[in-house]
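*Asks:* Mind having a look at this structure? Questions to follow.
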Amino acid sequence: MPGIRYLAAGLLCVTGVIHVARLGIPDSTAVFDWLVSILGAAYLTIGGFLFRGGRTACSLGAIVPVVGILVGAAGGISGMMAKPNLWMAVLFAIDVAIVACCFSLVRSGRTS
């Protein structure tokens, strides 16, 4: 199952970079962007640890993206309803894939 772990780690790192890069977007809400960037830094850190393996990294990889989904839903739901955003949908799909991979790893007990 290292392939699933590497997939989850790679997706976490990619989405972490996307979240951190959000700070460079002009005309956006500053508080929400800082929160998203902190979440992105957490994604990068967990993704790095997930490449090494371990149950804690897999558990965090399963839990933290759920928090990201909830933050995205809470912060972006009014904007998503007014004007649908493809990036929010893509990030949501990536987070769901990460959570599924990590839950699968934790459930199977093969975290390294």
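The values are calculated or read from the model by the stated rules, or taken from the named source; none is laboratory data. What you see is a predicted model, and the numbers here were worked out from it, not measured in a lab. When we count neighbours, we look across all protein chains shown, and the Cβ atoms used for this are built from the backbone with ideal geometry, even at glycine.
*Asks:* Could you go through the stretch 22-36 and let me know if any residue there is crowded, with 21+ Cβ neighbours inside 10 Å and at pLDDT 90 or above. Before the answer, list the steps.
*Replies:* Our first condition is that a residue be crowded, with 21+ Cβ neighbours inside 10 Å; within the stretch 22-36, this holds for 36.
Among the residues that remain, those that are also at pLDDT 90 or above are: none.
The answer is no; no qualifying residue exists.
*Asks:* Another question, if that's okay. Among the residues of the stretch 60-71, which ones are buried (at least 20 other Cβ atoms within 10 Å of the Cβ) and under 16 Å from W87 (Cα atoms)?
*Replies:* P65, G68, listed by residue number.
*Asks:* So, S104, is that one modelled with pLDDT of 80 or more, within 15 Å of T15 (Cβ to Cβ) and either polar (S, T, N, Q) or touching a strand residue (DSSP E or B) at 6+ places or on another chain (Cβ under 9 Å) (or both) or not?
*Replies:* no
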